[in-house]
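For reference, the structure is listed below as structure tokens.
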Amino acid sequence: MARSMFIFLIVSLLLMSCTAQMKTDEDLGSMIAGNAMCKTPSRKFHGLCFSNQNCADICQTEGFLDGECEGFRRRCFCIKPC
């Protein structure tokens, strides 16, 4: 039982690490291409953010290009070129 819990913990940590690294590489790619993107918390989106599409729709009404849910607090961040 303890061994299976340990293995589950290790696999979970590896998965989170890989996901975080992929996100970092994606951000770095946009910086290298010269089109750095800036993120700003949405002013109109209220509540927990679970749908990137809903977040993007609200952000577009605010004049941004896109939006995505982020963070532990699940907030909607709007995206535009810096």
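So for the range 21-29 (the condition being touching a strand residue (DSSP E or B) at 6+ places or on another chain (Cβ under 9 Å) and modelled with pLDDT under 95), does at least one residue qualify? Steps first, please.
We begin by selecting, within the range 21-29, every residue touching a strand residue (DSSP E or B) at 6+ places or on another chain (Cβ under 9 Å); these are 27.
Filter again for modelled with pLDDT under 95, leaving 27.
For the range 21-29, residues touching a strand residue (DSSP E or B) at 6+ places or on another chain (Cβ under 9 Å) and modelled with pLDDT under 95: present.
I'd like to know if the range 53-62 contains one or more residues that are part of a loop (DSSP other than H, G, I, E, B) and either over 12 Å from the mean Cα position of the chain (by Cα) or at pLDDT 95 or above (or both). Scanning the range 53-62 turns up at least one residue that is part of a loop (DSSP other than H, G, I, E, B) and either over 12 Å from the mean Cα position of the chain (by Cα) or at pLDDT 95 or above (or both).
The values are calculated or read from the model by the stated rules, or taken from the named source; none is laboratory data. These numbers were taken from a predicted model, which means no experiment stands behind them. Please note: Cβ atoms are built from the backbone with ideal geometry, for glycine as well, and neighbour counts cover all protein chains shown.
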